[in-house]
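These notes concern the structure reproduced below.
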Amino acid sequence: MEPASLPEESRPQKRSRAEKKKENKKQLQEARRISDETRNRFQQILDDFHKSNDKEYTFDASISNYERAEVHKLWRAMGMKSQSSGAGANRRVTLYKIMAKVKRKPKGSAWTQPGTKSDNTEVKSPVMSFAFSEKGKTVLKDFFFFLSTWRSQRG
């Protein structure tokens with residue numbers, strides 16, 4: 001049977017290029033969406049690693065590129081470094097704890113702790129970052145203002 005002989009409503013409808021593009025965009029957005037469960041699982045892994053003494057953590061290559069992007073975003077929001085490596089199905093993300101150089105005080109200084117190096121060497125120490133709510137920031141500002149006022153009055 002020729003298409004021309006089919007009734008109008010049973011003929012396949014041609015979609016415009018704009019409709020196809022819109023549908024493809026919608027499918028891509030769905031593919032990019034990461035469930036709250038997955039995001040929470042990643043956050044738990046990041047928190048556990050952050051609390052550990054390990055210096056780096058590498059995820060399996062089984063996570064998607066959108067999930068890798070989410071891991072990068074979450075880890076960097078914690079003030080840390082991350083990097084993807086590999087290609088294709090072997091691409092994976094590695095997390096690193098940022099280590100800051102801390103200069104030790106010379107021997108005999110009031111700052112030298114027992115059992116630490118007493119020379120003037122640089123060592124690496126984990127950098128911590130904290131995020132505060134607006135209310136928390138206000139409380140901290142007030143605290144440090146009153147602390148400095150109290151110290152100056154003490155003389």
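A crude spin-label estimate for the pair THR58 and ARG154, with each label 7 Å from Cα along the Cβ direction, gives 5.1 nm. Under the simplified labelling scheme, the ASN40-TYR66 pair shows an inter-label distance of 2.0 nm, with each label point 7 Å from Cα along Cα→Cβ. Using the Cβ of PHE144 as centre and a radius below 12 Å, the other residues enclosed give a net charge of +2, where K and R count +1 and D and E count -1. Between LYS81 and TYR96, ILE98, the built amide H atoms are under 5 Å apart, and every one of these is 5 or more places off in sequence or on another chain. Taking Cβ atoms as reference points and 12 Å as the exclusive limit, the residues near SER16 contribute a net charge of +4, counting Lys and Arg as +1 and Asp and Glu as -1. Each label was represented as a point 7 Å from its Cα along the Cα-to-Cβ direction; for LEU147 and ALA77 these points are 2.8 nm apart.
Bear in mind that the values in this text are calculations on the coordinates, not laboratory data. Because the structure is predicted, anything quoted here is derived from the model rather than measured. All Cβ positions, even for glycine, are placed from backbone atoms using ideal geometry, and neighbour counts span all protein chains on display.
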